[in-house]
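Asks: Sharing a structure below in structure tokens format, with a few things to ask.
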Amino acid sequence: MNDLTIAVFAPLIMALLCFVFKRAAKWLALLVSLGIFTLAIKIFLAGQLVSQFLSLRAYPFSAGIFLAAAFFTLLITLYSFKYMEGKERLGEYYAYILITLGSAAGALFAADFLNLLFFWGMMGIPLYMLIGIGSSAGAGAAKKTLILVGGADAMMIMGIGIVWVMTRSLQIGPSPLPLNNVYSIVAFLALAAGAFAKAGVMPFHSWIPDSAEFAPASVMALLPASLDKLLGIYLFSRICFDVFQIVPNSPVSLFLLACGSITIIAAVMGALVQHDLKKLLSFHAVSQVGYMVLGIGTGTPLGVAGGIFHMFNHAIYKSCLFLCGGAVEQKAGTTDLEKLGGLAKFMPITFTAFLIAALSISGVPPFNGFISKWMIYQAIVQLGKISPYWIIWLVAAMFGSAFTLASFVKLTHAVFLGQWSETTGKTREVSWMMWLPLAVLAALCVVFGLLAAQIPLKYLVFPNIQFYRFTGVWEPGMATLLLLSGLLLGLLIYALGRVKKVTVKPAFTGGELLKEEEIKVTGNEFYDSIKSWGPLNLIYKTAEKKYFDVYELGRQAAFAVAGWLSWLHNGLLQTYLVWLLMGLVVLLLFLAR
Amino acid sequence: MFDLLRLMFAFIIMPGFLFTAVVGLLATWVDRKVTARVQYRQGPPWFQPFADLAKLLGKETIVPEGAAKAVFLGAPLIGLAGATLVSTIIWMVNFSHGVTFIGDLIVVLYLLTLPSLAIIFGGSASRNPLSAIGASREMKLILAYELPFILAVFTVVLRTGSIMFGNILGYQLANGMMIQSCSGLIAFLVALIVVQAKLGVVPFDIPEAEQEIAAGALLEYSGPALAVYKLSRAMMYFILPVLLITLFMGGIDLSFWGGIAWFIIKYVIILTLIILIKNTNPRLRTDQAVRFFWGPVTALAAIGFILAMVGW
């Protein structure tokens with residue numbers, strides 16, 4: 001048995017055991033994910049591995065992503081111990097997590113398209129089951145997910161078919177096809193659709209916000225936030241550079257840049273107006289993919305490096321945010337922003353982790369999200385030397401980053417700062433099994449930010465990109481040192497003053513004695529004056545009618561066609577006779593021609 | 001070790017914290033004095049900002065009941081650290097054009113949000129409804145001015161072809177100041193309006209709006225914490241004009257007396273413009289500010305960018 005085959009089949013076989021031994025399922029899942037994580041380290045250190053059985057192949061890029069995938073699975077399994085405690089169908093829950101891990105390994109290590117397609121499709125099943133596992137109300141969202149992701153997989157089959165016709169080979173790579181004719185462009189778009197649906201790029205994004213309402217936070221953290229993102233962007237970069245070849249400033253590159261920009265802006269606008277913690281986070285899970293597509297779509301080494309680095313960073317902070325959301329949900333019993341507030345005092349660890357992850361996703365230096373965004377911006381500015389459209393992508397990316405900050409300001413205020421609500425008075429910090437994963441992920445945000453060039457870029461990103469050079473300069477270590485000395489300076493000023501003598505007084509509300517519930521600012525109305533701005537208002541109104549949702553549009557089209565057909569079949573003999581006669585006339589005209 | 005000492009000296013004394021703070025406080029005095037004279041008042045003596053600060057240090061610190069104390073007291077420090085770091089970076093690249101110090105233009109743009117973030121999180125943590133409204137207004141203001149600011153700043157990048165301060169300054173040394181060109185002038189005007197908003201002075205003092213929300217995010221602050229806020233605000237009075245000078249007016253050369261005089265003239269021009277706008281305009285409502293920035297100002301910035309593409 002080869003390491004690769006073990007990585008693929010051990011979780012799948014153990015998953016079957018989880019179905020049977022429901023009580024022991026969580027321990028089994030923890031052991032297996034721990035084992036697979038150590039195996040992933042071994043594969044990653046080996047670098048290149050080939051397994052003849054099933055033609056699996058590992059190389060630094062896929063091994064790095066598998067390492068990340070196994071790491072997230074391990075943390076989230078640990079988190080689930082307490083988070084899922086007392087829920088029903090636990091055996092299934094852990095089994096599906098293991099199936100996800102096994103099929104992810106298969107998809108990552110697949111050396112040919114058939115293997116890839118098999119494991120890729122297989123990942124859809126646990127996704128469907130896990131979204132619906134939380135509540136019976138989630139069935140609709142799970143169905144939508146299955147149809148969108150499955151439909152995109154069907155498009156992938158078409159793309160693979162075209163590639164087979166063109167090359168007579170099902171190997172992924174090794175000689176990239178140029179994107180200069182209609183067939184290869186159609187094949188590229190069909191394959192990209194599969195990757196986009198998994199990662200959640202517009203227009204295939206709408207399953208993520210819908211499932212966020214019903215799925216458990218741990219499922220959101222495992223699938224849409226980390227594993228699906230990793231796999232989707234992995235496949236996307238494979239088809240961009242191994243199967244096909246993206247040339248900077250080519251029509252396909254421009255199309256991808258446009259896709260990325262629209263995804264960033266539209267999804268972040270959607271996030272800004274959400275009233276639910278998990279749903280708001282899920283819109284950001286869509287918006288952030290835009291940056292990855294933007295980076296990879298530039299086709300330049302720096303942009304690709306930035307896009308891939310952003311993928312790792314996003315998986316870290318977004319799963320951290322979802323896990324924080326789960327912790328809040330467990331303690332406060334709700335994720336409605338209206339009913340939350342002031343949790344920072346009661347859940348300090350969760351709050352700190354959330355704040356770090358929120359600052360990371362908003363691109364505040366010196367955290368990790370800033371560096372990958374900064375690399376992508378540089379790549380776009382570089383693009384300016386050959387293309388006049390760069391400013392559009394740049395404005396979309398940077399302005400989208402400001403909107404991200406805005407929605408996380410709203411979230412931090414509504415959940416952790418701001419005024420208390422009835423639910424928050426008696427909360428306490430979650431158990432260590434839940435806060436440990438959060439803390440580890442938040443620490444990674446800091447480490448990846450401060451030591452970007454020393455650790456993640458060197459080991460995870462650089463081996464896969466030929467050569468790239470920064471056009472700007474950013475020294476996170478020195479900057480952090482100086483920021484910390486700035487904090488010390490401030491503390492010195494505090495020490496000069498009388499900050500030790502702190503008096504606690506009720507908040508000042510104009511001298512009136514008001515009840516807190518009556519004057520609570522929840523954060524939901526933070527951006528109403530922006531929302532009411534003419535053009536934006538129009539866009540929000542259109543979005544509410546679901547005109548931007550491919551699934552909804554497809555459903556309406558399908559119902560329209562079906563409605564027409566059922567209108568034809570009205571059961572009256574006369575109608576059928578008229579149709580028969582008309583058909584006969586057409587036939588005769590055709591024959592007598 | 002020696003390098004570290006020099007770095008710390010640069011950060012804490014010159015050109016970092018102490019220098020920026022002193023000049024910034026003096027600038028706020030100029031602002032107050034001119035404003036007073038415009039309103040037929042006498043105005044404060046030159047040391048008034050320093051005296052205010054000393055007074056605040058002696059006052060007691062009051063924390064609102066049930067507020068997140070660590071965030072409430074920590075937020076002002078983050079603003080101060082961010083302002084000091086930006087100041088150090090901009091001055092260091094001006095001292096020697098070839099040097100790369102910590103960050104480029106994009107880094108500075110992002111670091112500049114730290115003082116605003118400090119106000120937002122401080123206000124949000126103080127558990128006061130008016131402070132929360134102030135925090136949300138600050139964020140809305142950021143959203144409003146960010147769009148034209150990106151366009152204005154990247155007009156400079158388009159013309160100079162680099163995001164490194166050294167290259168931006170080198171380009172201006174060779175080809176004249178940015179504002180001497182048509183697009184550069186437009187971008188400068190846009191950036192000046194944005195600086196007005198970043199400083200939070202009239203007509204963009206929306207987040208504080210004393211008459212409406214009683215100083216907004218700063219409402220609950222007192223004593224040393226308020227002093228730190230005031231100090232970082234004063235530092236921004238110096239840092240932001242210096243950033244404008246670096247990007248649009250050819251930077252600073254302090255190696256000879258003429259250079260120092262030239263820098264002071266440039267700084268005074270920008271400060272005068274800021275005070276002029278402040279004293280001749282009423283405060284905008286939030287939605288008016290958003291419409292103003294996303295409408296005419298962005299259009300102006302876009303025109304400037306297109307002119308730069310054509311090469312004007």
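The values are calculated or read from the model by the stated rules, or taken from the named source; none is laboratory data. As the structure is a prediction and not an experimental result, all values here were calculated from the model. Here the Cβ positions follow ideal geometry from the backbone for every residue, glycine too, while neighbour counts run over all protein chains shown.
Let's see how each residue does on (1) more than 14 Å from B:I193 (Cα to Cα); (2) part of a loop (DSSP other than H, G, I, E, B); (3) away from chain A (no Cβ under 14 Å); (4) touching a Pro at 6+ places or on another chain (Cβ under 8 Å):
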position	(1), (2), (3), (4)
B:A234	yes, no, no, yes
B:D253	yes, yes, yes, no
B:I264	yes, no, yes, no
B:I270	no, no, yes, yes
B:L276	no, no, yes, no
B:D287	yes, no, no, no
B:F292	no, no, no, no
B:I303	yes, no, no, no
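Asks: Yes or no: region A:428-449 includes at least one residue that is free of Cβ contacts under 8 Å to residues at least 60 places away in the same chain, over 22 Å from A:V289 (Cα atoms) and facing chain B (nearest Cβ under 10 Å).
Replies: no
Asks: Out of the residues in region B:206-222 that are acidic (D, E) and surrounded by 19 or more Cβ atoms within 10 Å (Cβ to Cβ), which is farthest from the chain's Cα centre (by Cα)?
Replies: Here the answer is B:E220.
Asks: For region B:237-251, enumerate the residues that are in a helix (DSSP H, G or I) and more than 14 Å from chain A (Cβ to nearest Cβ).
Replies: B:Y237, B:F238, B:L240, B:P241, B:V242, B:L243, B:L244, B:I245, B:T246, B:L247, B:F248
Asks: Then there's this: Identify the single condition in (1) free of Cβ contacts under 8 Å to residues at least 60 places away in the same chain; (2) at the interface with another protein chain (Cβ under 10 Å from one of its Cβ atoms) that A:G472 does not satisfy, given that it satisfies every other one.
Replies: For A:G472, the exception is condition (1).
Asks: Can you tell me how many residues within region B:84-106 are facing another protein chain (nearest Cβ under 8 Å), aliphatic (A, V, I, L, M) and touching a residue at least 40 places away in the same chain (Cβ under 8 Å)?
Replies: Result for region B:84-106: 3.
Asks: Taking the residues in region B:141-161 that are of a type outside the set (A, V, I, L, M) and under 18 Å from A:A397 (Cα atoms) as candidates, determine which candidate is nearest to the other protein chains (Cβ to nearest Cβ).
Replies: Taking the candidates together, the pick is B:E146.
Asks: When A:L489 is evaluated against the numbered criteria (1) modelled with pLDDT of 75 or more; (2) under 28 Å from A:F72 (Cβ atoms), which criterion, by number, is the only one it fails?
Replies: Failing condition for A:L489: (2).
Asks: Return only the number of the condition from (1) hydrophobic (A, V, I, L, M, F, W, C); (2) modelled with pLDDT of 85 or more; (3) in a helix (DSSP H, G or I) that A:A344 does not satisfy.
Replies: (2)
Asks: So the check is Cβ under 9 Å with 6+ separation or different chains; which pairs have a first residue in region B:63-83 that's free of Cβ contacts under 8 Å to residues at least 60 places away in the same chain and under 12 Å from A:G342 (Cβ atoms) and a second one that's in a loop (DSSP other than H, G, I, E, B) and of a type in the set (A, V, I, L, M, F, W, C)?
Replies: If the second residue must be in a loop (DSSP other than H, G, I, E, B) and of a type in the set (A, V, I, L, M, F, W, C), the pairs left are B:A68/A:F416; B:A68/A:L417; B:V71/A:F416; B:V71/A:L417.
Asks: Can you name the number of the only condition in (1) facing chain B (nearest Cβ under 9 Å); (2) crowded, with 24+ Cβ neighbours inside 10 Å; (3) out of contact with any Cys (no Cβ under 9 Å at 6 or more places or on another chain) that A:F351 fails?
Replies: (3)
Conditions (1) part of a loop (DSSP other than H, G, I, E, B); (2) modelled with pLDDT under 90; (3) within 7 Å of chain A (Cβ to nearest Cβ), marked per residue:
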| position | (1), (2), (3) |
| --- | --- |
| B:Y40 | yes, yes, no |
| B:G43 | yes, yes, no |
| B:L53 | no, yes, no |
| B:L57 | no, yes, yes |
| B:V63 | no, yes, yes |
| B:G74 | no, yes, no |
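Asks: If you don't mind, another one. Of all residues in region B:71-114 being over 13 Å from the mean Cα position of the chain (by Cα) and of a type in the set (S, T, Y), which is farthest from A:I361 (Cα to Cα)?
Replies: Ranking the qualifying residues of region B:71-114, first place goes to B:S96.
Asks: Quick check on my filter: what residues within region A:134-156 are under 20 Å from the mean Cα position of the chain (by Cα) and closer than 12 Å to A:F214 by Cβ?
Replies: If the condition is that a residue be under 20 Å from the mean Cα position of the chain (by Cα) and closer than 12 Å to A:F214 by Cβ, then A:G134, A:G138, A:A141, A:A142, A:K143, A:K144, A:T145 are the ones that fit.
Asks: Report every pair of residues separated by at least 6 positions or lying on different chains whose Cβ atoms are under 7 Å apart, first residue within region A:32-46 and surrounded by 14 or more Cβ atoms within 10 Å (Cβ to Cβ), second of a type in the set (S, T, Y).
Replies: A:S33/A:T73; A:S33/A:T77
Asks: From the list A:K279, A:K318, which one is assigned to a helix (DSSP H, G or I) and surrounded by fewer than 24 Cβ atoms within 10 Å (Cβ to Cβ)?
Replies: Only one candidate qualifies: A:K279.
Asks: Go through region A:136-192 and count every residue that is within 22 Å of A:I125 (Cα to Cα), in contact (Cβ under 8 Å) with a residue 12 or more places away in the chain and hydroxyl-bearing (S, T, Y).
Replies: 1
Asks: Among the listed residues B:L173, B:L218, B:L226, which satisfies the condition of being out of contact with any helix residue (DSSP H, G or I) (no Cβ under 9 Å at 6 or more places or on another chain), more than 17 Å from B:L300 (Cα to Cα) and not acidic (D, E)?
Replies: Only one candidate passes the filter, namely B:L173.
Asks: In the same structural domain as A:H310 (by TED's automatic domain parsing) and within 20 Å of the chain's Cα centre (by Cα): which single residue out of A:T404, A:T427 fits that description?
Replies: Answer to the selection: A:T404.
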